[in-house]
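Worksheet: the structure to be examined is printed underneath.
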Amino acid sequence: MEKLDLNKDGLITKKEFITAGSVNNGGLPKFDDIDGLGHHYDEEGEYFLHHKEIYHSTPETQDESSYNHPEDIQHFINHEKIEVKEDEMSRIAQGLPEDSNTAKFQKQNQKEHDLIEEREKRIKSIKAKAQKYSPVADEAKRRGDWDGFKRPLDQADRLRKNVPYKYKIRKSFWGEF
């Protein structure tokens with residue numbers, strides 16, 4: 001009321017309503033973020049008033065087999081999303097805190113789910129590599145520790161304990177300085 005009554009006389013004239021009601025003056029809100037919902041502002045109401053009342057208003061048209069219109073199929077596919085969105089909108093309208101069904105909470109859960117999935121992929125990859133090289137590792141253990149300065153001959157030699165990191169031995173060691 002205070003936003004609309006510009007001259008503070010207790011009456012709102014048409015001119016005051018138009019002037020103060022514009023979004024630029026911080027007046028009446030715009031609902032641009034609510035798109036595609038029609039004039040009932042929720043998908044459930046739109047479906048009920050514009051489809052169900054017309055096509056499914058008699059007892060003969062309310063059995064399971066009669067819900068075969070494309071609108072019915074689409075409605076039932078999206079029904080859970082619709083309920084979550086309606087719950088979120090009603091919570092926002094009532095000023096209540098976020099629920100576990102809100103989009104923000106779901107995004108956070110999705111991020112956690114993606115992290116867990118990535119972790120599982122990495123573990124699976126590591127296990128696959130370990131499985132791939134386990135016979136070679138067993139052979140390296142059977143051969144024992146590395147001794148001497150000769151080059152490793154195969155993968156099992158490369159996995160043996162005490163193998164030098166660089167096993168390329170140059171002929172002229174002092175020639176490098």
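The values are calculated or read from the model by the stated rules, or taken from the named source; none is laboratory data. All values derive from a computational prediction rather than experimental measurement. All Cβ positions, glycine included, derive from the backbone under ideal geometry; neighbour counts span all protein chains shown.
Conditions first: (1) modelled with pLDDT of 80 or more; (2) among the polar types (S, T, N, Q); (3) surrounded by 13 or more Cβ atoms within 10 Å (Cβ to Cβ). Thr58 passes all but one, so which condition is the exception? Going through (1) modelled with pLDDT of 80 or more; (2) among the polar types (S, T, N, Q); (3) surrounded by 13 or more Cβ atoms within 10 Å (Cβ to Cβ) one by one, Thr58 breaks only (3). For segment 74-86, give me each residue that is among the β-branched types (Val, Ile, Thr) and under 16 Å from His50 (Cβ atoms). Ile82, the sole residue that qualifies.
Condition check ((1) out of contact with any Leu (no Cβ under 8 Å at 6 or more places or on another chain); (2) part of a helix (DSSP H, G or I); (3) in contact (Cβ under 8 Å) with a residue 40 or more places away in the chain) across all residues:
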residue	(1), (2), (3)
Glu60	yes, yes, no
Glu86	yes, yes, yes
Lys111	yes, yes, no
Glu117	yes, yes, no
Ala137	no, yes, no
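When the residues of segment 143-162 are filtered to those that are assigned to a loop (DSSP other than H, G, I, E, B) and of a type in the set (D, E, K, R), which remaining residue is nearest to Ala130 (Cα to Cα)? Looking at residues that are assigned to a loop (DSSP other than H, G, I, E, B) and of a type in the set (D, E, K, R), I get Arg160. Residues of segment 77-91 that are among the hydrophobic types (A, V, I, L, M, F, W, C) and in contact with a Ser or Thr (Cβ under 9 Å, 6 or more places away or on another chain): Val84 alone.
Only residues that are among the hydrophobic types (A, V, I, L, M, F, W, C), over 15 Å from Pro164 (Cα atoms) and at pLDDT below 90 were counted across segment 127-153, and they come to 3.
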